[in-house]
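Here's the structure, in C-alpha cells; my notes come after.
The values are calculated or read from the model by the stated rules, or taken from the named source; none is laboratory data. All of these numbers come straight from a predicted model, not from anything done at the bench. As a convention, Cβ positions derive from the backbone with ideal geometry for all residues, glycine included, and neighbour counts pool all protein chains shown.
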Amino acid sequence: MAKTFHRNYVLMHKNEPVAELELDEATVSISVIGQVYAERHVPVGVPVKKGKVDRAALNEWWRGRAIPASRDGIKEALLELNLSTTQKLLDKSLGLSLSDQYWIMPKGSTINWSSINFFENPFSDDVGNVLFGQGSSDAISLISPDNTSDGWLKKKWVIVSEKRCLVKGGSGATQQEPYNEVIASKIMERLGIPHVPYTLMEQEEYPYSVCENFITPQTELITAWYVMHTQQKPNHVSVYQHYVNCCEKLGISGIAGALDRMMVVDYLIANEDRHQNNFGVIRDAETLEWIGPAPIYDSGSSMWFSKPLGLIRADGKLTCKPFKPDHDEQIKLVTSFDWLDLSVLQGIEEELRDIFRGSLFVDEARCNALCTALRQRIERLEDIIRSQNPQAWLDDHRTDVKKNIAYSGLQDEEEEWER
C-alpha cells in the first residue's frame, strides 16, 4: 500500500492564525484540522461547533478556491503544467487569492502577509499565459493568483500601472461575453447602479474584457453561496428570502435594494448565469465588520450570448438564476421600482453598436437583433412596472406628455389625455 504523506500548515487570515491544518500531499485536501486559534476568522459559512471546525465544510471551501475543472482549455493547461488536477495548484502559491485575505502558512515558517500577498507584491504571468494557451518559459513559476480564480471562461490576472486587473475571454463562435460585460457596465452607469466597470481589449484579434479588482488589501468578497451557509434554510423559505434573512442576521444592510438593482439589470440584459458565486457582500478583513453589498460584476453570460441569430428575441426562452428559473417570475421579487428611471436608456442601442463596431465575431445582423431585443426588454419592463402600479406610472409620465402636447399645440390631444 502506498504511503500517504501529509504537510502541516496554519490557515491564516492576513496575519491572524486561524487553525492548524494537515494537507494530503496526493489530493491537496484537508485531512486533519488541529488546534483552532481564532473561531471568528474561520471562513464565513464554515460551521464551528464546540471549538471544532467542520472538516467537510472547510474542505468544500478549500476545493472551491481551485480553478474549476470545467474551465475552457484547462486540460491542455494541466498537461503543460504537468499536473493531474487544478487542485494541485492550490498549495503552489499558498492558496493566496485576490478575492480575499486567506492563505496557508507552512508550519514553523516565518513568512508574513505583507511579504507574500498578491495585492502588494508581484506575481508570475506563467500560469495565466498557460491558461490562455500562450505557452511559457521552461521554468514555469506557479506563484500566481490565477491558481485560485473561479469561473469557466479563460481568465488571468495582470498588473497594469500597479493595479490588479482581471482579463477575461469569451466563448463559442461569437465570443460575445467580453462585449456583454461592457454593455452591462454602460447600462448600469446610466441607471446609477453600483457596478464594476469593464473595458474591452483585443489580443491576437480576440476580444477580452478587463476590469480592475474591486477588492483591496483591507477587504474581501464573501459570495452569496457562503452567506447562505451561515444558517440552515427552512424548507418553507425561498432562496431569495433565505439570503435576505442571512444578511439581516449578520447585520448587513441595504440587501433588498441591492438585489432589486441586480434583478432589474439581469432582466434587461437577459442574464442567464447569475449564480450564487457571482454576487455577494464585502467585509473588512481585519475588523470583520460588514461593509455592504458588492458592486455588480460578472455579467457576461447574457445578451443571448449562446443563442443563434434566429433565437435572439426579447420573449424567447431563457435560463434565469439565482432565485427563479424564469426572468418574468424573478422580476416579481423586486421590492421597489421607485429608484428606476428607464428613460435614461434612450439611445443605448447606439452605445451597443459602438461596442460591437469592428468585431470579427458579431456581424451587423446579430448586432441589429441584439439592439432590437434589448429595446424590447426595456419596453417589457416598462409594461411590468405600469401593470403593478398604473397610477404611479401615469403620474410620472403626465408632465412629460403635457409638455410634448403643449409644444406641438395639439389641444385636442391634451383633453383626450386628461379624460
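A few comments on the model shown:
- Among (1) surrounded by 17 or more Cβ atoms within 10 Å (Cβ to Cβ); (2) modelled with pLDDT of 95 or more; (3) part of a helix (DSSP H, G or I) - the single one MET105 does not satisfy: (3)
- Candidates in the stretch 336-389 are the residues that are of a type in the set (Phe, Trp, Tyr) and closer than 21 Å to ARG313 by Cα; of these, the one that is surrounded by the most Cβ atoms within 10 Å (Cβ to Cβ) is PHE356.
- Tally of residues being under 18 Å from ILE222 (Cα atoms) and of a type in the set (D, E, K, R) across the stretch 17-59: 2
Condition check ((1) small (Gly, Ala, Ser); (2) part of a helix (DSSP H, G or I); (3) modelled with pLDDT of 90 or more; (4) within 19 Å of GLU22 (Cβ to Cβ)) across all residues:
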| site | (1), (2), (3), (4) |
| --- | --- |
| ARG40 | no, yes, yes, no |
| GLY45 | yes, no, yes, no |
| ALA56 | yes, yes, yes, yes |
| TRP61 | no, yes, yes, yes |
| ILE67 | no, no, no, no |
| LYS75 | no, yes, no, no |
| LEU79 | no, yes, no, no |
| SER84 | yes, no, no, no |
| LYS88 | no, yes, no, yes |
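- Pairs where the first residue, in the stretch 251-262, is closer than 12 Å to VAL281 by Cα and the second is surrounded by fewer than 16 Cβ atoms within 10 Å (Cβ to Cβ), C-beta under 7 Å, 6+ apart: ILE252/GLY292; SER253/GLY292; GLY254/GLY292
- Of all residues in the stretch 50-60 being surrounded by fewer than 20 Cβ atoms within 10 Å (Cβ to Cβ) and touching a residue at least 24 places away in the same chain (Cβ under 8 Å), the one that is farthest from the chain's Cα centre (by Cα): ARG55
- Options ILE187, ILE159, ILE183: the member that is surrounded by fewer than 21 Cβ atoms within 10 Å (Cβ to Cβ) and more than 30 Å from LYS249 (Cα to Cα): ILE159
- Some residue of the stretch 3-24 being within 20 Å of LEU288 (Cβ to Cβ), surrounded by fewer than 13 Cβ atoms within 10 Å (Cβ to Cβ) and either modelled with pLDDT under 95 or in contact with a strand residue (DSSP E or B) (Cβ under 6 Å, 6 or more places away or on another chain) (or both): no
- Matching residues, the stretch 126-148, being at pLDDT 90 or above and assigned to a loop (DSSP other than H, G, I, E, B): ILE143, SER144
- Scanning the stretch 112-125 for residues that are closer than 20 Å to GLU220 by Cβ and either outside the structural domain of PRO17 (by TED's automatic domain parsing) or not in a helix (DSSP H, G or I) (or both) turns up ASN112, ASN117, PHE118, PHE119, GLU120, ASN121, PHE123.
- When residues in the stretch 111-166 are screened for being in contact (Cβ under 8 Å) with a residue 60 or more places away in the chain and charged (D, E, K, R), 5 of them pass.
- Residues (closer than 24 Å to LEU352 by Cβ, of a type in the set (Val, Ile, Thr) and in a loop (DSSP other than H, G, I, E, B)) located in the stretch 188-235: ILE193, VAL196
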